Amino acid sequence: MVSPMVQYCAQDGFVGDWHFAHLARMAMGGAGIVFMEATKVEHRGMGSVGDAGIWSDEHVAPLRRITAFLREQGALSGIQLNHSGRKAGVMRPWEGFGPLDRTVPVEGRAHWEVIGPSPISAHEGWPVPREMSLADIQAVIAAWGHAARRACAAGFDIVEIHGAHGYLIHQFLSPAANRRADAYGGSFERRIRFAVEVCESVRAHWPQDRPLFFRISAQDEAGWSLDDSVALARVLKRAGVDLIDCSSGGIGLRSPTADAAARRLGFQVPFAARIRRDCALMTAAVGLIVEPQQAETILREGSADAVAMARELLYNPNWPLHAARELGLDDPFGLIAARAGWWLERRAGAGIRRD
Ligand SMILES: Cc1cc2nc3c(=O)[nH]c(=O)nc-3n(C[C@H](O)[C@H](O)[C@H](O)COP(=O)(O)O)c2cc1C
């Protein structure tokens, strides 16, 4: 499964040729499920300049072009839906990831309002969000539902709700970011309420026979534990979630992937294994899964039902073909279209003399 990867080059939320090519090449390389990046359910949810959006019906057509092509390659298409909440309005990672200068218009537009569960900024110097009113909460939950309806119209097979990496849903879950005194803050049951209502809203607009995934930060730097995730997953299962995609961190860090600390291969796999076992729910493992045998072992040992990959697939979009060969599958080249596979099979068969 191709893990969602923001490309930072949409215009007013509209995807273009870059997105098409980025996702197409993953499907052409043999990926089974290809996920479209974190796509914003409302304009206020834009994390960065260039985020993709699905807050209007006009956003559907270019996405439909992508899903049709992915299907032709034999891949299922997924879309991750997101709202950045207090992490809205920041620079692209390679431009420093700091808050945007809010006095300078972006693409000719004034800055969008930053909202969150409580008026607590994500980092020093980042915007202090306006505390969402109950009306804001209802509006954002409804926006998630409308986004799911549009995702269906765009032809996606799977929707994933982004509840990880310090974005709006994670902000509600987190005792560090959510200091509300109403029905959406305080106890564990109240902090998870927003996440559950988002799932219900999505489920109401997303066909029952299409899978709903939910990405969590299985544990974070600011008080959310794996036990909390197990308890949350049980509730999400009842709300119609079919698979928990297990990432971690992001509430106190700018980005889990921007963190320079060395990580072990597959460091998040135990989260997927625990939730799968304790909740009898499908899970996806993600994070530093790079070797074919490593990925295969995760599945065979029952740690997860799907393996998601990001950077390794960016490096080599033909990785699924590579893995099929390494693992000794029958007809690995048949995994991709003959117009590439036929030639690659001959390339592999032909000895190359370099002397
Ligand atoms: C370019 C890039 C963009 C990303 N965008 C998203 C995103 O939109 N949503 C998300 O949940 N994670 C995002 N991530 C995190 C990945 O989905 C993945 O969880 C992370 O990179 C760890 O997997 P890896 O070690 O295979 O790269 C992004 C990662 C990269 C490298």
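We did not get these values from a lab; they are worked out from the coordinates using the rules stated. Here the structure is a predicted model, which is why all the values come from computation and not from measurement. Don't worry about glycine lacking a Cβ; one is built from the backbone with ideal geometry, like all the others, and counts go over all protein chains shown.
Which value in deg cm²/dmol, rounded to the nearest 500, describes the helix-derived mean residue ellipticity at 222 nm for the chain, given -39,500 (n - 2.57) per DSSP H run of n ≥ 4 and division by the residue count?
Values: 12 runs with 126 residues, N = 355.
Mean residue ellipticity, 222 nm, calculated: -10500 deg cm²/dmol.
Compute, for the stretch 17-317, the length of the dipole vector about the Cα centre, with Cβ point charges of +1 (Lys, Arg) and -1 (Asp, Glu) only. Units Debye, rounded to 20.
Details: 33 positive and 34 negative charges, 54 e Å.
Here the size comes out at about 260 debye.
Over the chain, what relative contact order in percent results from Cα pairs under 8 Å that are six or more residues apart?
On the way: 732 pairs, mean separation 52.4, N = 355.
About 15 percent, as a whole number.
GNM on the chain, C-alpha springs below 10 Å: top fluctuator among G266, G249, G287?
Largest GNM mean-square fluctuation: G266.
What list of ³J(HN,Hα) couplings, whole Hz, do you get for the stretch 111-127 from phi and the Karplus terms 6.51, -1.76, 1.60, once you set θ to phi - 60° and write x for glycine and proline?
Working through the residues one at a time gives 5, 7, 6, 9, 10, x, x, 9, x, 10, 6, 5, 8, 4, x, 8, x Hz.
Please report the spacing between the Cα centers of the stretch 266-291 and the stretch 81-120 in Å, no decimals.
The stretch 266-291 and the stretch 81-120 have Cα centres spaced 31 Å from each other.
What ranking, highest mean first, results for peptides 220-229, 160-169 when packing means the other Cβ atoms within 10 Å averaged over each residue? Walk me through the numbers before you get to the answer.
Details: 220-229: 18.4, 160-169: 28.4.
The most tightly packed comes first, giving 160-169, 220-229.
Determine the distance separating the Cα centre of the stretch 201-245 from the Cα centre of the stretch 34-77; give it in Å without decimals.
So the two Cα centres are separated by 21 Å.
5 Å is the cut-off here: which amide hydrogens, built 1.01 Å from N in the peptide plane, fall below it relative to I115, excluding neighbours closer than 5 in sequence?
For I115, whose amide H was placed from the backbone, the distant partners under 5 Å are R130.
Only Cα pairs within less than 10 Å get springs; with that Gaussian network setup on the chain, which residue of R215, R325, R25 has the largest fluctuation?
Largest GNM mean-square fluctuation: R325.
For E160, what residues show an amide H to amide H distance below 5 Å, using hydrogens built from the backbone and excluding near sequence neighbours?
For E160, whose amide H was placed from the backbone, the distant partners under 5 Å are I79, Q80, L81, F213.
Using mean Cβ contacts within 10 Å as the protection proxy, how do 116-124, 197-205 order, highest first? Could the numbers behind the result be given before it?
Working: 116-124: 19.0, 197-205: 20.9.
Order by mean packing, descending: 197-205, 116-124.
Please list, in chain and number order, the residues 5+ apart from T283 or on another chain whose amide H is under 5 Å from its amide H, with Hs placed from the backbone.
Under 5 Å from the amide H of T283: I244, D305, A306.
Under a 10 Å cutoff between Cα atoms, tell me which one of A338, A27, A308 has the largest fluctuation in the Gaussian network model of the chain.
Of A338, A27, A308, the Gaussian network model singles out A338 as fluctuating most.
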